[in-house]
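Okay, structure first, notes after.
The values are calculated or read from the model by the stated rules, or taken from the named source; none is laboratory data. Only a predicted model underlies this, so the values are computations on that prediction, with no experimental measurement involved. Here Cβ is always computed from backbone atoms with ideal geometry, including for glycine, and neighbour counts include all displayed protein chains.
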Amino acid sequence: MACKLSEQDFEVLKEPLKSGRQSPGSIAGALFLTIFLQAILFSLEYFFVGVNTTYPYKDEILSVHLWITGVLILFSLLYSIPAIYKRSDKMQYFISILVSQNLFSVSFLICALFLIGNDDGSGTKESSESLLNFTYVTLGIGLLVFVLTCIRFYILLQRGEYRKGSKKEELRGRFEVKSYIPVATVAGTGLVFVIQYIARISTLNDLNMIIFIVIGIGLFFTMVFVLPEQLVILYCKIRFQSFNFNERGYLK
């Protein structure tokens, strides 16, 4: 169905590329910075948050995430080198999607889940079943946010809202309340669920820890929300040459 849409239907999505915010040079600088950020976040996850947690399969999760983070750090380094990223614009953008999701979505979600299962030494702790059920519900809400955002995106594309000179272009920098209501409702419900779970079931009594958990899961929902647009821009880079940069750093 997406093949029926022409290049003009995606024109507004080219603005971040034209402005330079998502040019290969800008992405390269961001990827180089994330090398350190990913290492710091994983260290926090492993040496601080993961030490006292009773979250089930903790060691397996940390092991898998260590390998994923290590591979992404390597690719972040490679695609911050001009000689490499100038020849592979699409791959660099794909790596940037994976890195951003790992950094702001996966890492913070793991930290939040580990904190919920934190053993404070009081003798009371969450059961494995309770923690896993909470995780399944959180991931389910995240999936629903993703699906609703994809549907919303597709409807707007079909209506021509991303064409040059459309209303969408004029309102690009503003918050469009009506179109975001379904997604915001689901994400808001998810955060309410998190807060209620912590208040009713969890043994946590540290306010700072509770705030970090809410922020971590909130970031997870936010990154799931922006993922469809990231994927659509990647699709445009694969399908349309005009969404790609030449070796001099200009759009083709």
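Using beta carbons and a limit of 8 Å, which pairs, at least six apart or on different chains, have the first residue in region 37-51 and at pLDDT 90 or above and the second one among the hydroxyl-bearing types (Ser, Thr, Tyr) and part of a helix (DSSP H, G or I)?
As it stands, the answer is 38/69; 38/76; 38/107; 39/69; 41/107; 42/69; 42/107; 45/107, since those pairs meet every condition given.
Among the residues of region 24-51, write down those that are in contact with a Leu (Cβ under 7 Å, 6 or more places away or on another chain) and over 14 Å from residue 111 (Cα atoms).
34, 35, 37
Yes/no matrix, rows are residues, columns are (1) at pLDDT below 90; (2) surrounded by 15 or more Cβ atoms within 10 Å (Cβ to Cβ):
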position: 110; (1), (2): no, yes
position: 140; (1), (2): no, no
position: 157; (1), (2): yes, yes
position: 188; (1), (2): yes, no
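Confirm whether residue 34 is within 21 Å of residue 114 (Cβ to Cβ) and polar (S, T, N, Q). Break it down into steps so the answer makes sense when it comes.
Numbers: within 21 Å of residue 114 (Cβ to Cβ): no; polar (S, T, N, Q): yes.
No: the conditions fail for residue 34.
Of the numbered conditions (1) in contact with a helix residue (DSSP H, G or I) (Cβ under 9 Å, 6 or more places away or on another chain); (2) of a type in the set (Ser, Thr, Tyr); (3) at pLDDT below 80, residue 203 satisfies every one except a single condition; which is it?
(1)
If only one of 40, 95, 27 is under 18 Å from the mean Cα position of the chain (by Cα), under 20 Å from residue 223 (Cβ atoms) and surrounded by fewer than 18 Cβ atoms within 10 Å (Cβ to Cβ), which one is it? Before you say what the answer is, go through the steps one by one.
Working: 95 fails: surrounded by fewer than 18 Cβ atoms within 10 Å (Cβ to Cβ); 27 fails: surrounded by fewer than 18 Cβ atoms within 10 Å (Cβ to Cβ).
Matching residue, one of 40, 95, 27: 40.
Do you know which residues across region 210-231 are more than 8 Å from the chain's Cα centre (by Cα), surrounded by fewer than 18 Cβ atoms within 10 Å (Cβ to Cβ) and of a type in the set (A, V, I, L, M, F, W, C)?
Once the filter is applied, which keeps residues that are more than 8 Å from the chain's Cα centre (by Cα), surrounded by fewer than 18 Cβ atoms within 10 Å (Cβ to Cβ) and of a type in the set (A, V, I, L, M, F, W, C), region 210-231 yields 211, 212, 214, 215, 231.
Kindly indicate the residue of region 46-65 that is in contact with a helix residue (DSSP H, G or I) (Cβ under 7 Å, 6 or more places away or on another chain) and more than 22 Å from residue 127 (Cβ to Cβ) and also surrounded by the most Cβ atoms within 10 Å (Cβ to Cβ) among those meeting that condition.
Filtering region 46-65 for residues that are in contact with a helix residue (DSSP H, G or I) (Cβ under 7 Å, 6 or more places away or on another chain) and more than 22 Å from residue 127 (Cβ to Cβ), the one surrounded by the most Cβ atoms within 10 Å (Cβ to Cβ) comes out as 65.
With free of Cβ contacts under 8 Å to residues at least 60 places away in the same chain and surrounded by fewer than 19 Cβ atoms within 10 Å (Cβ to Cβ) as the only criterion, which of 18, 4 stands out?
Values: 18 fails: free of Cβ contacts under 8 Å to residues at least 60 places away in the same chain.
Only one candidate passes the filter, namely 4.
Within region 58-106, how many residues turn out to be under 25 Å from residue 224 (Cβ atoms), among the hydroxyl-bearing types (Ser, Thr, Tyr) and free of Cβ contacts under 8 Å to residues at least 40 places away in the same chain?
Qualifying residue count, region 58-106: 2.
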